[in-house]
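Colleague: My structure is below; once you've seen it, I'll send some questions.
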């Protein structure tokens with residue numbers, strides 16, 4: 001089992017290895033996708049062997065995988081697989097078009113693999129200090145991806161991203177510090193003191209005042225990575241300027257990793273402080289994010305910014321679901337995490353194809369996608385409806401669960417407000433994307449790809465992601481249901 | 001883990017280092033020259049390493065000794081030298097003009113934040129009479145001052161220094177609150193800081209070059 005966990009984290013490093021060995025874009029991309037496939041397969045196997053919810057615990061808790069970590073690891077590995085497959089033809093086309101030099105391509109694959117591997121490692125540690133270290137390191141690796149294109153705009157976005165996120169994560173470190181301090185009555189050895197399973201088991205003995213501060217600092221700090229408002233300001237710029245497959249990784253994997261860290265702190269805080277205080281914190285940040293996200297989606301412009309604000313909104317929904325709590329709320333939150341990751345990966349990957357073909361990222365200049373590029377246009381349209389929570393896709397199911405959890409736990413004002421905001425987001429988002437897929441396309445659209453195989457490779461992750469979303473909307477596989485239930489037991493709200 | 005008494009020799013020394021670190025953060029906030037930012041940050045890190053050494057003696061901890069040496073080598077010497085060579089000298093940075101608030105305003109705000117840090121951390125959080133009760137408000141104030149200087153200054157190099165000051169504030173708290181993180185975590189944090197500074201230096205140089213080219217292009221367009 002230990003070997004499986006290590007393989008999950010090291011799998012995506014095939015891309016960097018190939019890039020450093022001097023492979024060209026297509027070969028490095030294939031290596032990256034193969035490594036991601038290995039990581040995804042191993043993460044599934046790891047989940048299967050966890051069986052009965054008994055976690056993997058080794059090396060003084062530095063390696064610790066339970067159902068929750070395994071579930072998030074599976075999500076991140078799945079997104080990595082989609083993004084790596086989508087990278088193959090995207091990056092090759094950019095290299096052929098002269099937009100990226102060979103050096104930039106090698107940089108891209110080096111940091112993409114490193115980024116994925118650091119996030120997967122962060123999900124497999126039980127030590128909260130190491131969790132900080134790995135999340136900060138993944139920030140730095142992804143900042144290199146944001147600034148990859150080297151233009152003034154992308155460098156500025158990368159700078160904004162790296163400085164705001166680093167500051168945020170440093171604040172989370174201060175939170176970790178106060179958490180550690182709140183346990184100073186426990187007389188723990190230095191290695192045990194930051195180990196999550198130990199802290200959760202002894203949550204009742206923690207000092208409440210410093211734990212309160214620790215939880216708030218952790219939500220603000222890791223919330224910066226999640227993109228919770230008002231700490232979300234880096235997010236639209238970074239998502240808009242990164243190469244599209246990297247945007248998919250940011251939105252569908254990185255934000256989830258931050259949310260995972262918040263859930264770990266939530267479990268400890270809940271064990272000592274009860275549900276009132278964590279709920280107030282999470283509902284405030286959650287609703288702020290949904291409102292900001294929905295309002296900024298109204299503006300038409302860069303479609304990648306639109307998707308980015310939709311991520312802010314969805315992270316807000318997940319925070320609200322965690323705030324509602326209860327089995328229903330947590331189930332909805334976790335399911336929403338997986339569904340949002342898949343839908344957003346499809347959206348950003350199709351936006352990559354769109355921006356390659358139309359040579360623009362402005363929504364108003366894109367017309368007639370369905371006629372010009374049926375597969376991408378169809379994927380964009382379907383993923384739009386999926387991400388907005390219409391049936392029969394998975395997000396409908398998870399958002400319904402969350403609203404039900406709201407009615408079950410809090411006052412009915414909150415779920416009603418949530419429904420109203422979801423309606424606003426629906427109109428704002430669909431207004432832009434339906435405009436992109438309908439109408440008549442411009443006369444001459446040159447294909448950026450060299451071969452039919454490259455076109456097929458572009459379509460593959462879109463079809464795969466949409467198929468998974470459809471399945472999750474109609475039926476939750478038994479294995480997934482078991483994993484979700486075990487995760488809820490692990491969190492223990 | 002025992003708490004240090006505030007009146008013991010080590011407690012007094014730690015308290016004193018904390019005050020010095022806060023004063024150096026204020027000095028940085030009050031300065032307008034890029035050279036000074038780097039010097040004050042370096043001095044702050046040297047004091048921090050002294051504080052770590054003091055705690056190492058008091059707690060008899062080998063890991064804290066390593067931390068003290070690492071702090072001195074990386075934050076006290078390597079980062080200030082690199083910042084001076086790669087940023088201040090190479091980009092010919094002198095006076096920082098990109099501020100969104102005047103010096104006196106930001107100093108007053110800094111004073112208010114320090115008072116706020118005491119209000120938040122002092123009363124219920126920490127047992128009285130321990131050194132942590134004296135130093136943690138100081139470290140919180142340093143964190144807030146670092147954030148303030150990042151908000152007030154718009155120049156990228158100044159923001160980078162602001163982030164490093166926040167990091168120093170967290171470390172000051174770490175030394176006194178919890179004595180040690182596990183060594184692997186400490187080493188990882190240092191690695192992150194070094195990697196962070198490197199990648200930020202790359203972005204800052206890239207941005208500055210692009211801006212310089214942009215303004216040079218403007219100059220050419222306006223000719224004759």
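Colleague: Across the protein assembly as shown, how large is the tail of the calculated P(r) beyond 35 Å, expressed as a percent of all Cα pairs? Don't skip to the end; give the middle numbers.
Modeller: Values: 109637 of 256686 pairs.
The share of Cα pairs beyond 35 Å in the protein assembly as shown comes to 43 percent.
Colleague: According to a simple spin-label model (label point 7 Å from Cα along Cα-to-Cβ), what is the distance in nm between residue B:60 and residue A:295?
Modeller: 5.9 nm
Colleague: Same structure, new question: Compute the distance from the alpha-carbon center of the stretch B:1-64 to that of the stretch A:167-183, in whole Å.
Modeller: For the stretch B:1-64 versus the stretch A:167-183, the Cα centre distance is 19 Å.
Colleague: Please give the contour-minus-distance gain from residue B:115 to residue B:98: 0.36 nm per residue of separation, less the Cα-Cα distance, rounded to one decimal in nm. Walk me through the numbers before you get to the answer.
Modeller: Values: separation 17, 0.36 × 17 = 6.12 nm, distance 2.69 nm.
The residue B:115-residue B:98 span can extend by a further 3.4 nm.
Colleague: Still on this model: Determine the equivalent ellipsoid of the stretch A:25-86 by diagonalising the alpha-carbon gyration tensor, then write out the semi-axes as square roots of 5 times the eigenvalues, largest first, rounded to whole Å. Let's see the in-between values first.
Modeller: Numbers: eigenvalues 142, 26, 15 Å².
Its equivalent ellipsoid spans semi-axes of 27, 11, 9 Å.
Colleague: Only residues of the stretch A:37-70 count here: report those whose backbone N is under 12 Å from the spot 7 Å along Cα→Cβ of residue A:6, or say none.
Modeller: A:59
Colleague: Shielding by partners for B:189-202, please: the mean number of other protein chain Cβ atoms within 10 Å of each residue's Cβ. Display every interim value, and only then the final one.
Modeller: Numbers: counts 7, 1, 4, 12, 3, 0, 5, 11, 1, 1, 10, 7, 0, 7.
Average neighbour count from other chains, rounded to a whole number: 5.
Colleague: What is the packing order of peptides A:128-139, A:21-32, taking the mean over residues of other C-beta atoms within 10 Å and listing the highest first?
Modeller: Numbers: A:128-139: 26.3, A:21-32: 20.6.
Ranked by mean Cβ neighbours within 10 Å, highest first: A:128-139, A:21-32.
Colleague: Any idea how far apart residue A:438 and residue B:82 come out in nm if each label point goes 7 Å out from Cα toward Cβ?
Modeller: 5.4 nm
Colleague: Please compute, for peptide A:198-205, the average count of beta-carbon atoms on other protein chains lying within 10 Å of each residue's beta-carbon.
Modeller: Values: counts 0, 0, 0, 0, 0, 0, 0, 0.
The shielding value for this peptide is 0.
Colleague: With axes computed from alpha carbons, what is the tilt in degrees of helix B:156-178 against the longest principal axis of chain B, rounded to the nearest 10 within 0 to 90?
Modeller: Between the helix axis and the principal axis of chain B, the angle is about 10 degrees.
Colleague: Another question, if that's okay. What whole-number distance in Å separates the alpha-carbon centres of the stretch A:107-133 and the stretch A:51-95?
Modeller: About 10 Å separates the Cα centre of the stretch A:107-133 from the one of the stretch A:51-95.
Colleague: Going by a ≥ b ≥ c, the root eigenvalues of the Cα gyration tensor, does the stretch B:1-96 fall in the rounded group (a/c under 1.5), the prolate group (a/b larger than b/c) or the oblate group?
Modeller: Values: a/c = 5.14, a/b = 1.92, b/c = 2.68.
Verdict is oblate for the stretch B:1-96.
Colleague: Next question, about the same structure. Take peptide B:49-62, look around each residue's Cβ out to 10 angstrom, count Cβ atoms belonging to other protein chains, and average those counts. All intermediate terms of the calculation are to be shown ahead of the outcome.
Modeller: Working: counts 0, 0, 0, 0, 0, 0, 0, 0, 0, 0, 0, 0, 1, 0.
Across B:49-62, the average partner-chain Cβ count within 10 Å equals 0.
Colleague: Taking neighbour counts of Cβ atoms within 10 Å as a proxy for exposure, in what order, fewest first, do A:324, A:426, A:385 appear?
Modeller: Values: A:324 31, A:426 18, A:385 21.
Fewest-to-most Cβ neighbours within 10 Å comes out as A:426, A:385, A:324.
Colleague: Could you work out the relative contact order of chain A, using alpha carbon pairs under 8 angstrom and six or more residues apart, expressed as a whole percent?
Modeller: Values: 918 pairs, mean separation 79.0, N = 493.
Relative CO of chain A lands at 16 percent.
Colleague: Which order do peptides A:37-43, A:270-276, A:467-473 fall in by mean Cβ count within 10 Å, highest first? Each step should come with its number before you reach the end.
Modeller: Numbers: A:37-43: 22.7, A:270-276: 15.9, A:467-473: 18.7.
Top of the packing list down: A:37-43, A:467-473, A:270-276.
Colleague: On to the next question. Counting C-alpha atoms alone, how compact is the stretch B:9-217: give Rg to one decimal and Dmax as a whole number, in angstrom.
Modeller: My reading of the Cα-based Rg and Dmax gives 17.5, 63 Å.
Colleague: What do you get for the angle between helix A:152-182 and the principal long axis of chain A? Use alpha-carbon atoms, 0 to 90 degrees, nearest ten.
Modeller: 10 degrees
Colleague: Against the 2.2 N^0.38 Å scaling, with N counting residues, where does the stretch A:39-152 land? I'd like the Cα-based Rg ratio to two decimal places.
Modeller: Values: Rg = 16.6 Å, N = 114, 2.2 N^0.38 = 13.3 Å.
It is 1.24.
Colleague: Kindly put B:90, A:361 in sequence by how many other C-beta atoms sit within 10 Å of each C-beta, fewest to most. Each step should come with its number before you reach the end.
Modeller: Values: B:90 12, A:361 18.
Final ranking by Cβ density, sparse to dense: B:90, A:361.
Colleague: May I pose another question? Enter the angle in degrees (range 0 to 90, nearest 10) between the Cα long axis of helix B:9-29 and the first principal axis of the Cα atoms of chain B, meaning the one along which they spread out most.
Modeller: The angle comes out at about 20 degrees.
Colleague: How much FRET efficiency would the formula 1/(1 + (r/R0)^6) give for residue A:48 and residue A:205, where r is the Cβ-Cβ distance and R0 is 41 Å, rounded to 0.05?
Modeller: Working: r = 35 Å, r/R0 = 0.86.
Once the sixth-power term is evaluated, E becomes 0.70.
Colleague: Then there's this: Simple spin-label model, 7 Å along Cα-to-Cβ: residue B:107 to residue A:371 in nm?
Modeller: 6.8 nm
Colleague: Report, in whole Å, the centroid distance computed from the Cα atoms of the stretch B:71-91 and the stretch A:219-275.
Modeller: Measuring centre to centre over Cα atoms gives 31 Å.
Colleague: While we're here: If you average the sequence gap of Cα pairs under 8 Å that are 6 or more apart and divide by the length of the stretch B:9-217, what percent do you get for the contact order?
Modeller: Numbers: 255 pairs, mean separation 51.6, N = 209.
In percent, rounded to a whole number, it is 25.
Colleague: What is the diffusion coefficient of the stretch A:179-298 in µm²/s, taking the Kirkwood radius over Cα pairs and the Stokes-Einstein relation at 20 °C with a viscosity of 1.002 mPa s? Provide the component values of the computation, followed by the final result.
Modeller: Numbers: Rh = 15.6 Å.
The calculation lands on 137 µm²/s.
Colleague: Taking the highest mean first, how do the peptides A:242-254, A:299-311 order by number of other beta carbon atoms within 10 angstrom per residue? Please list the in-between numbers first.
Modeller: On the way: A:242-254: 28.5, A:299-311: 22.9.
Put in order of decreasing packing, that is A:242-254, A:299-311.
Colleague: Given axes a ≥ b ≥ c from the Cα gyration tensor, I'd like to know whether the stretch B:46-109 is rounded (a/c under 1.5), prolate (a/b larger than b/c) or oblate.
Modeller: Numbers: a/c = 5.57, a/b = 1.73, b/c = 3.21.
Since a/c reaches 1.5 but b/c is at least a/b, the shape of the stretch B:46-109 is classed as oblate.
Read-outs throughout are calculated quantities, based only on the coordinates presented, and are distinct from any laboratory measurement. Keep in mind it's a predicted model, so treat the numbers as computed, not measured. Positions of Cβ are generated from backbone atoms using ideal geometry, with glycine treated the same way; all protein chains shown enter the neighbour counts.
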